[in-house]
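A short worksheet on the structure shown next.
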Amino acid sequence: MFSTTVVDGANNPVENVEVVVYSGFYSYDFQSSSFTKFSPADEDFILGSGITDSNGDVSFLMLVNTDEQTSFSLTSTDYPRRNISISNGNYAGTLDYNIPTQTLKQSAVVNLSFSNTTAVTEVFNASIFFESLNCSQFTEEGITTEVVCEDREFLPFNQSTSDTFIDIETVYPSIMTVEYEDATGALITEQFMVTNATENYVVQF
């Protein structure tokens with residue numbers, strides 16, 4: 001049995017979301033805007049599916065996947081598709097996939113620029129952390145211990161006199177974190193709130 005609840009960013013239930021459980025593991029490639037499957041395509045198999053009701057709830061019988069990984073997708077006309085990968089090991093004993101509440105969020109693009117305001121000449125390396133459309137769920141003895149939806153980009157900047165730009169595809173509402181070491185070796189951390197479909201932020205160094 002598979003069951004979960006789907007809500008939006010304001011914690012309101014989302015109706016008519018198609019939930020499909022697959023064998024294997026999926027991820028989303030933002031650059032190609034396509035879904036990548038880490039197991040061979042001919043091993044793809046739908047284990048079960050259902051539609052959320054007015055309370056955002058869905059439950060249905062499903063086939064049991066003997067592989068270590070199972071994924072499920074959330075598809076709605078109002079939100080971008082989201083994929084979640086789960087481990088089967090801790091569900092095998094109960095055959096009850098009681099998945100924690102899932103949150104659908106709208107897509108966002110963050111236009112991030114790095115601007116040299118101090119005339120330093122060193123090249124820096126930034127780590128950019130943001131929320132992805134894809135999540136991995138970790139369980140222990142049938143209890144969910146962690147859900148990770150974080151993605152990251154690594155970006156060198158200050159390689160020329162021009163500002164460095166990057167577009168990050170994420171979701172909103174969410175938080176984006178930028179980390180880098182400055183010329184003295186100190187770790188600099190900046191956080192930006194993503195609350196709209198398009199955001200523009202500048203990191204000054």
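How do the strands (runs of 3 or more DSSP E) wholly within region 142-205 filter down when requiring 3 or more residues that are of a type outside the set (D, E, K, R) and more than 16 Å from the chain's Cα centre (by Cα): which remain?
On the way: elements: 143-157, 164-172, 174-181, 187-194, 198-204.
Qualifying strands (runs of 3 or more DSSP E): 143-157, 164-172, 187-194, 198-204.
Condition check ((1) touching a residue at least 12 places away in the same chain (Cβ under 8 Å); (2) among the aliphatic types (A, V, I, L, M); (3) in contact with a Phe, Trp or Tyr (Cβ under 9 Å, 6 or more places away or on another chain); (4) in the same structural domain as Ser73 (by TED's automatic domain parsing)) across all residues:
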{"site": "Ser127", "(1), (2), (3), (4)": "yes, no, yes, no"}
{"site": "Cys135", "(1), (2), (3), (4)": "yes, no, no, no"}
{"site": "Val148", "(1), (2), (3), (4)": "yes, yes, yes, no"}
{"site": "Ile166", "(1), (2), (3), (4)": "yes, yes, yes, no"}
{"site": "Tyr180", "(1), (2), (3), (4)": "yes, no, yes, no"}
{"site": "Asn196", "(1), (2), (3), (4)": "yes, no, yes, no"}
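Considered as a group, the residues in region 91-130 that are closer than 30 Å to Ser3 by Cα and of a type in the set (Val, Ile, Thr) include one that is nearest to the chain's Cα centre (by Cα), and that residue is Thr103.
Of everything listed in (1) in contact with a Cys (Cβ under 9 Å, 6 or more places away or on another chain); (2) modelled with pLDDT of 85 or more, the single unmet condition for Ser115 is (1). Of the residues that make up region 78-95, is at least one at pLDDT 90 or above, not in a strand (DSSP E or B) and not assigned by TED's automatic domain parsing to the domain that holds Thr184? No, because not a single residue in region 78-95 is at pLDDT 90 or above, not in a strand (DSSP E or B) and not assigned by TED's automatic domain parsing to the domain that holds Thr184. Of everything in region 146-190 that's out of contact with any Asp or Glu (no Cβ under 7 Å at 6 or more places or on another chain), farther than 25 Å from Ile84 by Cβ and among the polar types (S, T, N, Q), which residue is surrounded by the fewest Cβ atoms within 10 Å (Cβ to Cβ)? Applying the filter and picking the extreme gives Thr184.
When Asn55 is tested against (1) in a loop (DSSP other than H, G, I, E, B); (2) modelled with pLDDT under 60, only condition (2) is not met.
The values are calculated or read from the model by the stated rules, or taken from the named source; none is laboratory data. Please read all numbers here as calculations on a predicted model, not as lab measurements. Positions of Cβ are backbone-derived with ideal geometry, glycine not excepted, and every protein chain shown enters the neighbour counts.
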